[in-house]
Amino acid sequence: MKGFAMLEIGKTGWIEKERPKCGPMDAIVRPLALSPCTSDIHTVWEGAIGQRHNMILGHEACGEVVEVGSLVKDFHVGDKVLVAAITPDWNSLEAQDGYPMHSHGMLAGWKFSNFKDGVFGEYFHVNDADGNLALIPAGIDVTEACMLSDMVPTGFHGAELADVQFGDTVLVIGIGPVGLMSVAGANLRGASRIICVGTRPACIEVAKAYGATDFISYKDGDIDKQVLELTGGKFVDRVIIAGGDCDTFIPAVKCLKPGGYIGNVNYLGDGEYVKIPRSEWGVGMGHKLIVGGLMPGGRLRLEKLASLVHYHKLDVSLLLTHKFSGFAHVEDAIKLMKEKPADLIKPVVKMEW
């Protein structure tokens, strides 16, 4: 089969590989829609997870089941399915402990384009199919279904990690596609004021549609000072970090109230240490909780998020700014994600098999 791969750090290309084999609990899926992620850019051009050779990229897809293992109960050949970017081993001790994304090791639920071939192939393998697939509800377009792989669950996880409550003032740092879904998640959880850090006009307009109330730019000075000026000196209740770098935690801590939460879902692609301002962190005793997490993945989460789309509580079509038709355009979509033109939020490729 053909796949678009990371050949080595800094280099991508099309390769031929053997079609993946199906284990007794697994499924083989043919993609119906694919989307590249900023994580793919970190992986290839920053070497964020180390050297990889001839590894098929991608972790955002929906598809059609073409083969199931003998022990798979709930899915059949021909089913059109959602596939989460994170595919835990649900019988692991870590999953039983409530952290399926770390099954068999830290971040080990992240398999696609990390330590096994991703979804940018003519076929891809899904482990533990009954736990990691979900049927696409009727009426959801496959390009929109693709957003349920990573953008929606990761952005929503930021709101979960920050423990957004009714009436909270929430700061969202970074309003790319994940940050936009953090805005939507915070809004659904009852935030009253959502302050966003972002500069691209396309993202600002979509953030408004998802419930954002205020905007600031990191180009205009210190984020924390701008936030406190907006709020009249009042600290925010919650911060969601969906963009930035290892220094982004500095302003987040500075403008967060004691007892507040910072939820980080940003992939820190470089740097050795995260910086925390000692004094504003209450010299270590300020009850300012920082939680960074990989989204859980799994069938139940996919089904619940798909239900939000199905019942018109969440419109993911606003994310889709660039649409391609045909598998060959995966390369074009990744190039767009790397270059990030001003009008880009998310590219998606619909298959023409």
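Would you be able to tell me the number of residues in region 192-219 that are touching a Phe, Trp or Tyr at 6+ places or on another chain (Cβ under 7 Å) and outside any loop (DSSP other than H, G, I, E, B)? Before the answer, list the steps.
Taking region 192-219 and keeping what is touching a Phe, Trp or Tyr at 6+ places or on another chain (Cβ under 7 Å), we get 196-198, 204.
Those left that are additionally outside any loop (DSSP other than H, G, I, E, B): 196-197, 204.
Within region 192-219, residues that are touching a Phe, Trp or Tyr at 6+ places or on another chain (Cβ under 7 Å) and outside any loop (DSSP other than H, G, I, E, B) number 3.
For region 162-186, give me each residue that is touching a Phe, Trp or Tyr at 6+ places or on another chain (Cβ under 7 Å) and either surrounded by 20 or more Cβ atoms within 10 Å (Cβ to Cβ) or within 16 Å of residue 255 (Cβ to Cβ) (or both). Give the steps one after another, and end with the answer.
Taking region 162-186 as the starting set, the residues that turn out to be touching a Phe, Trp or Tyr at 6+ places or on another chain (Cβ under 7 Å) are 162-163, 180-181, 183-185.
Answer for region 162-186, where residues must be touching a Phe, Trp or Tyr at 6+ places or on another chain (Cβ under 7 Å) and either surrounded by 20 or more Cβ atoms within 10 Å (Cβ to Cβ) or within 16 Å of residue 255 (Cβ to Cβ) (or both): 162, 180, 181, 183, 184, 185.
Looking at residue 189, is it touching a residue at least 60 places away in the same chain (Cβ under 8 Å) and either surrounded by fewer than 23 Cβ atoms within 10 Å (Cβ to Cβ) or touching a Phe, Trp or Tyr at 6+ places or on another chain (Cβ under 6 Å) (or both)? Before you say what the answer is, go through the steps one by one.
On the way: touching a residue at least 60 places away in the same chain (Cβ under 8 Å): no; either surrounded by fewer than 23 Cβ atoms within 10 Å (Cβ to Cβ) or touching a Phe, Trp or Tyr at 6+ places or on another chain (Cβ under 6 Å) (or both): yes.
Considered against the rule, which asks whether it is touching a residue at least 60 places away in the same chain (Cβ under 8 Å) and either surrounded by fewer than 23 Cβ atoms within 10 Å (Cβ to Cβ) or touching a Phe, Trp or Tyr at 6+ places or on another chain (Cβ under 6 Å) (or both), residue 189 comes out as no.
Cβ contacts < 8 Å: first residue part of a loop (DSSP other than H, G, I, E, B), restricted to region 337-350; second residue of a type in the set (Val, Ile, Thr), any location; separation 6+ or different chain. Result?
Note: pairs meeting the criteria are 343/321; 344/321; 345/206; 345/321.
Can you pull out the residues in region 126-146 that are under 22 Å from residue 320 (Cβ atoms) and either touching an Asp or Glu at 6+ places or on another chain (Cβ under 7 Å) or acidic (Asp, Glu) (or both)?
134, 135, 141, 144, 146
Could you tell me which of the residues 273, 210, 261, 218 is under 19 Å from the mean Cα position of the chain (by Cα) and of a type in the set (Phe, Trp, Tyr)? Outline the logic, then answer.
Details: 273 fails: under 19 Å from the mean Cα position of the chain (by Cα); 261 fails: under 19 Å from the mean Cα position of the chain (by Cα); 218 fails: under 19 Å from the mean Cα position of the chain (by Cα).
The match here is 210.
Going residue by residue through region 220-235, is there one that turns out to be within 15 Å of residue 319 (Cα to Cα) and touching a helix residue (DSSP H, G or I) at 6+ places or on another chain (Cβ under 6 Å)? Walk me through it before giving the result.
Step one: list which residues in region 220-235 are within 15 Å of residue 319 (Cα to Cα), which gives none.
No - not one qualifying residue is present in region 220-235.
Checking the condition within 20 Å of residue 331 (Cα to Cα), without any contact (Cβ under 8 Å) to a residue 24 or more places away in the chain and assigned to a strand (DSSP E or B), which residue from 3, 13 passes?
Working: 3 fails: without any contact (Cβ under 8 Å) to a residue 24 or more places away in the chain.
On inspection, the qualifying residue turns out to be 13.
Being of a type in the set (S, T, N, Q) and within 23 Å of residue 247 (Cβ to Cβ) is the filter here; which residues of region 198-232 pass it? Even if it seems obvious, please write down each step before you answer.
Narrowing region 198-232 to residues of a type in the set (S, T, N, Q): 199, 213, 217, 226, 231.
Correct list: 199, 217, 226, 231.
Hey, among the residues in region 23-43 that are in contact with a Pro (Cβ under 9 Å, 6 or more places away or on another chain) and either of a type outside the set (Val, Ile, Thr) or not in a strand (DSSP E or B) (or both), which one's nearest to residue 131 (Cα to Cα)? Don't jump to the end; show me each part of the working.
First, pick out the residues of region 23-43 that are in contact with a Pro (Cβ under 9 Å, 6 or more places away or on another chain): 26, 28, 35-38.
Going one step further and asking which of them are either of a type outside the set (Val, Ile, Thr) or not in a strand (DSSP E or B) (or both), we end up with 26, 35-38.
Details: 26: 10, 35: 22, 36: 23, 37: 23, 38: 26 Å.
Checking each candidate, the answer is 26.
Rule-based calculations on the coordinates, nothing more; no lab input. Computed from a predicted model, the values in this text were never measured in an experiment. Counting neighbours? That spans all protein chains shown, and the Cβs are built from the backbone with ideal geometry, glycine included.
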